[in-house]
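Structure, as structure tokens:
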Amino acid sequence: MKEANSMANSEEITTTIQTVLDEIISLLTTYGLDVLGAVVMLIAGLWISGRVAVAVKKGMDKTAWVDATLTSFFASLAKYV
């Protein structure tokens, strides 16, 4: 009796695990490429904004009439906007 009950629980657990795995595969198939694209866009955006900030800082460093504090401020502004 105890072995039959244990077998039934084991089959229920196996069925539950299979259902969860099927759901995960379904979600990955549906949204996987969208998430991957979003991550790639985020990394590219961060890289580009960093390059823009460096360019703004270098450009403003070449001018004598801009204060160093303003140079840093405008570089950060360019990066985050």
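For the reader, a short list of remarks on this structure follows.
- The calculated Kirkwood hydrodynamic radius for segment 9-81 is 16.1 Å, given to one decimal from all distinct C-alpha pairs.
- Neighbourhood charge, 15 Å Cβ-Cβ cut-off, centred on ALA55 and excluding it, Lys, Arg +1 and Asp, Glu -1: +4
- Largest GNM mean-square fluctuation across ALA53, ALA38, ALA68, computed for the chain with C-alpha springs under 10 Å, falls on ALA68.
- With the simple model of a label 7 Å out from the Cα in the direction of the Cβ, VAL54 to SER10 spans 6.0 nm.
- Protein accessible area in the chain, 1.4 Å probe - carbon and sulfur %: 70 percent
The values are calculated or read from the model by the stated rules, or taken from the named source; none is laboratory data. What you see is a predicted model, and the numbers here were worked out from it, not measured in a lab. Note: ideal-geometry Cβ built from the backbone for every residue, glycine included; neighbour counts use all protein chains shown. Keep in mind that these areas ignore ligands, DNA and RNA; they rest on the heavy atoms of the full protein, side chains included. Shrake-Rupley method; radii C 1.70, N 1.55, O 1.52, S 1.80 Å.
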